[in-house]
């Protein structure tokens, strides 16, 4: 098989940038690159390296979409002076497989284009959006919100850019990050996860980049860092907001140059690693308070995923509960476990400040302590009367915060009425002194299904 043929194309006259890219590729034996002056010429090549200098992201999106409409199997990589533009998300949606900086070294550019050559992994990007949502290990859901995320994950996985996953504690950010890795072309390479909050600030550099013997007092032997361990694969930085500012500067330099020096060494090392970061904080708000570097934020937030809180996707609760009951039933050799309607209703009424992680612990406890194969409401050890923890992990406006409180009240009130009246909408509406149609509209607004509250004879 010969070298992959890439057409280097620019929507606007960018002779300097195009020449710079071609020069970087001129010594790469695995890649044949030519300057395509016309889009129709570019279509004849295996891939198109779109040089986006002065062009806007919207123009790049339109071009990529049109190109892949004509040839759904063509690879499109966007070369831009700055890969930290949040608008790049739209390019992924129309089928771009990666982003590279026009300032990339020849070695990095070569590696990225070779990887992009096989990045589609057999997925036809022109038609993949019509394919069924894949079953992703550990990613359990029934809600439309999570289905939309699951459908998007293969698209994000097909691109090699950095990803930022945000959401409250316990929403499943690491599961999402793992899915991106295992759905990507890096699936056979290492997955390395690190909790940034668990590393002392003074040791972050050594943990990430390694150190040589004698670099500091306790460095009795040389040690490779997590970046080296993740070579060719994915490095997951959980709680990235916990990194101290000096460590953020070191991480930023690595993301910019894709090279690093182990502590105590004068030798530069290169790394082919994809970064997926996660945080339960509003990183942009932290940048405004100078608690997080803005340039690092933009570098990490090339692509992003927002994991919704469990209280905002309550239709996932029965599905997740059944999943955990099955898992712990097997793990503890307790056999299959199911739930009474009252037990499911009790689970649905809880606010879940700890999100999916809290639900997992509740079901684990119920499986361990429950005496019957069908778990009842008494087996569900949660206090519905406990005050709800304020949602202060994400900075929101007063208006948004008020709306969230009102929505939570409406949802909880309606669910309690339906529980009390076994899912009978007419009686529940009468009790609430609301018109049945208006009551039904509230149910539809909060995606509440009355059948969840109807007690069926066994």
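Coordinate-derived values only; no laboratory data. Keep in mind it's a predicted model, so treat the numbers as computed, not measured. Ideal geometry is used to build each Cβ from the backbone, glycine not excepted, and the neighbour counts take in all protein chains shown.
Computed quantities for the displayed model
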item	result
Net length gained if the chain between residue 12 and residue 330 were fully extended (0.36 nm per residue, minus Cα distance)	108.5 nm
Additional length obtainable on full extension of the chain from residue 249 to residue 202, 0.36 nm per residue less Cα span	15.6 nm
Per-peptide average of other Cβ atoms within 10 Å, ordering 198-205, 293-300 highest first	293-300, 198-205
Estimated FRET transfer efficiency when R0 is 51 angstrom, pair residue 374-residue 437 (beta carbons, to 0.05)	0.90
Simple label model, 7 Å out from Cα along Cβ direction - residue 72 to residue 93, nm	2.0
Whole-number D in µm² s⁻¹ for region 244-382, Kirkwood Cα-pair radius fed into Stokes-Einstein, 25 °C, 0.890 mPa s	132
Residues residue 381 and residue 41, FRET efficiency given R0 of 56 Å [Cβ-Cβ distance, rounded to 0.05]	0.25
Calculated FRET efficiency for the pair residue 195/residue 282, C-beta based, R₀ 22 Å, to 0.05	0.70
Mean Cβ neighbour count within 10 Å, used as a protection proxy, ranking 34-45, 311-322 highest first	311-322, 34-45
Label-to-label distance, nm, for residues given as residue 256 and residue 59 (7 Å Cα→Cβ offset)	2.7
Inter-probe distance in nm under a simple model that places probes 7 Å from Cα toward Cβ, at residue 23 and residue 427	8.1
Computed lengthening from residue 306 to residue 291, 0.36 nm per intervening residue step minus Cα-Cα distance	3.3 nm
